[in-house]
1. Would the stretch 611-620 turn up any residue that is open to solvent by 70 Å² or more (accessible area, probe 1.4 Å), under 23 Å from D200 (Cα atoms) and among the charged types (D, E, K, R)?
2. Among the residues of the stretch 426-445, is any more than 18 Å from F330 (Cα to Cα) and without any contact (Cβ under 8 Å) to a residue 12 or more places away in the chain?
3. Do we have K337 as under 28 Å from K449 (Cα atoms) and surrounded by fewer than 16 Cβ atoms within 10 Å (Cβ to Cβ) here?
4. Only one residue in R491, R500 is of a type in the set (K, R) and farther than 30 Å from R318 by Cα, so which one is that?
5. On the basis of being open to solvent by less than 60 Å² (accessible area, probe 1.4 Å), under 29 Å from T561 (Cβ atoms) and in contact (Cβ under 8 Å) with a residue 60 or more places away in the chain, does M468 make the cut?
6. Give just the number: which of (1) open to solvent by 60 Å² or more (accessible area, probe 1.4 Å); (2) in contact (Cβ under 8 Å) with a residue 60 or more places away in the chain; (3) not in a helix (DSSP H, G or I) does Y474 not satisfy?
7. Within the group Q149, Q141, Q136, which residue is modelled with pLDDT of 95 or more, within 27 Å of the chain's Cα centre (by Cα) and open to solvent by less than 50 Å² (accessible area, probe 1.4 Å)?
8. Looking at T103, is it over 30 Å from E538 (Cα atoms) and either open to solvent by less than 50 Å² (accessible area, probe 1.4 Å) or charged (D, E, K, R) (or both)?
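The values are calculated or read from the model by the stated rules, or taken from the named source; none is laboratory data. Remember, predicted model here, so these are calculated numbers, not experimental data. Cβ atoms come from the backbone with ideal geometry, glycine included; neighbour counts cover every protein chain shown. What goes into the accessible areas is simple: the full protein's heavy atoms, side chains included, and nothing from ligands, DNA or RNA. Shrake-Rupley method; radii C 1.70, N 1.55, O 1.52, S 1.80 Å.
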Amino acid sequence: AAVNGAVINDGVERYRDLEQQHLTPVDQSAGDDTLLVRVRTRESDVEIAAGARIAVVGDGKTNPEPGLARGRAELWFSAAGQKNQSIGLEKLAALCTSNDDNTESPAARVFSALENARSFDALKSASINEWSRLWQEMDIQVSGDRFSQKMLRLHMYHLLVTASPRSTGLDAGMPARGLHGEAYRGHIFWDELFVMPFYDLHFAEIARSLLMYRFRRLDAARDYARQHGFSGAMFPWQSGRTGIEQTQTVHLNPMTGHWGPDNSSLQRHVSLAVAFNTWQYFHITHDLEFLENFGAEMFFEICRFWASKARWDKTPGRYRIHEVMGPDEFHEKDPDKEQGGLTDNAYTNLMVHWALTRARQIYRHLGNGARDALAEKIGLSVSEIEQWAQMAQKLNIVICDGLIAQFDGYFSLKELDWDYYRRTYGDIHRMDRILKKEGKNPDAYKAAKQADVLMAFFNLGEDEIQKMLASMGYGSLDNLLEKNFDYYMARTSHGSTLSRVVHAALAQCLGRKDIAWRFYQEALSSDYIDIQGGTTKEGIHTGVMAATVLMAMTIYGGLRTDKDILAIDPALPGRWENISFGLWFRKHRYGFEITKNNVILVIEGPEDKVVPVEVKGKTHQVSCGVKTEFPL
C-alpha cells in the first residue's frame, strides 16, 4: 500500500512539452500501519498532506516493511495464503490542505482523521446513505429509453463528483473539465452558464458557493478592467486560484504541429455569463440576502465595465463595442487586420443590452439599506443605472433582411464549400485547424465553431430578443429565429459539444423534432462515445453534461423557469414513455411525473397553502401536499 505525491501532469499529449511537475515533496513517513506524504504546490505554495491507515485481515501475515522515496511512502505486507481463505487489505485515506479552514497543520489534521476514522464498512454505509439522499434530490427517471436514462445519470454523477454539498465551504469554481482530467489545466471558463441552472434547481447552496468563487475575485476583475482602461469589473476568460487572466497567448494546431497566436482572452462575454448566472440564481431561489450582499455589487460592476467599453459612433448614431470575441472561436479578428478582436459581436451586444436593462429590476429588489451600502461602497446611483438603460437602446446590431450578423463585417466573408471538406476530411468539427493546415485563414470564412447569434436565442428566447430589437429601433422582424437558425446551422461545424445543446433546444422551439432529437442524442452521448475523438480522456465536459440534464426537464419535460411562476408544457420524444423529476423553485419543492397523456404534480408544503402553476399556458392554483393531475 502506498501514498504517492511524486505525480506529474502527463494526461494531455499536447501539453507534454510544457511544465509537468507541479508538486514539490516536503517529507514522507511510514509507521506500523500508517503512511503520510506532504507536498507543496510549486507556484501557489499550498501544502497538501495525504495519509493512509492500512490493516491486513487474514492469517499468516508478517510485520509490514516500510519503503520510502522522495514524495512517496509505502508499506509492504506478505501473507501465507490458504485455499478457500480470504485475505483482506483495508486502506483508509485522508487528505488536508493548508487552504482548508482552521488548519495550522495539515499533517496533524490527517493523523486525527485517520485515528478517528471508522471501518471501511461504516464509511461505505455512510457513503451509500449520502448518495441516496443526493439521488433522491436530483434523479430524473425516464421510461422507454434505457440509453438516455443511463446517460442522464452518468452526467448527474459526474457533476456531483465535481461540486457537491460537501464542497460548499471551499473557495472553488466549476472547472470546464470537472475534476476528471488535465485539459484546460483545471481553469474555469464560461461553461458555468450551462451548469448553474442544474444547481439552482436542485442544490441552491452549491450554486451560491460557485457564485461566491466569482465574488471573491471581484477585486481582481476590477484590476483587470483598469489595466485595460475600463471601469467596473472585467472577469478573465480563464480563471484559476487568484482570478487573474490565465488564458494562453499561443495555441498548438495538432494537424500542423505549429503554434500560432491565441486571442481567446478577448472573450469578454464571460463577464456576461457571471451576470446572467447571478440573475438566474436569484430569480429561481429568491435568495435576497445573497443579492443584497454579493450578487448586486457583482452585477452592477459588470454593467459598469460594459458601459465604459461601449463607444459612441456618430455615423450609425449608436454605441459600438470593439475588440471582443464571441463564443465562436473560429473568428478572432477581422481577416484584413493584425489586431485581435471583432466589432459589434451580436451575442455580446445582445447580452450587454440584457444586462444594462436588467440592472433596473435588480435595483428595485434591493432594500434601502443595501442601496445605501452600494452607493457608499462603489458610488452607485439611480442616474447611472438609467444611463445604462439609455445606452442599451442605442447599441449597434448589424441586421440584413432579418439576419443578424455574427459581427460587423461577417456578411462580406467568403462562403465555404462544406461538401468538399466533408468528402475530403470526414470529421470537420475543427474546421479552423483544417483551414490553417491548407494555409487559409479561418477568419476569412463563414464557418463557425458554434453559432454566436443562436447562443443569444438560447439564453433569452425569441420573444425576448424580438422585444429587445424593437426597443432598440430595429422594428418587428418576422420569423427571426427560423431565418437565423437555418442560416447559421448551415455554416456551423459544431466544434464545441455545446453547439449541439444550443441547436437541439432551438430546433425543438421551431417544432423540428427530428433535428432536435439528433442534436440532443449527440450531446447526450458526447463524452460517453467521445465524439470529438480523444477529448474525453482529458476530462469530461461539465457544460454539456449539465445542459443535457436540464434539457430533459425543459425541452422534453416542458419546464419553464423564466416567469414568476413555474410553467410546464411537455413534449416527450417518441421513445420516452414518461419522465419524472423534482426541483426547487422559490422556496417550494415540486415533483413532476409526466406521461404522453397527463402531468401529475405534487408540491411539498401544508395543504392549506396554494401555489400558482402554469400548465400548457393556463394558470392553476395548486394545493400543496396534494397529488394533482392535469390532462394533456
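1. Initially, the stretch 611-620 is screened for residues open to solvent by 70 Å² or more (accessible area, probe 1.4 Å), giving 616, 618-619.
Checking which are under 23 Å from D200 (Cα atoms) leaves us with none.
The answer is no, given that none of the residues of the stretch 611-620 is open to solvent by 70 Å² or more (accessible area, probe 1.4 Å), under 23 Å from D200 (Cα atoms) and among the charged types (D, E, K, R).
2. yes
3. Yes, satisfied.
4. R500
5. Details: open to solvent by less than 60 Å² (accessible area, probe 1.4 Å): yes; under 29 Å from T561 (Cβ atoms): yes; in contact (Cβ under 8 Å) with a residue 60 or more places away in the chain: yes.
When the stated conditions are applied, M468 passes them.
6. Of (1) open to solvent by 60 Å² or more (accessible area, probe 1.4 Å); (2) in contact (Cβ under 8 Å) with a residue 60 or more places away in the chain; (3) not in a helix (DSSP H, G or I), only one is false for Y474: (1).
7. Numbers: Q141 fails: open to solvent by less than 50 Å² (accessible area, probe 1.4 Å); Q136 fails: open to solvent by less than 50 Å² (accessible area, probe 1.4 Å).
Just a single option satisfies the conditions, and that option is Q149.
8. In short, yes.
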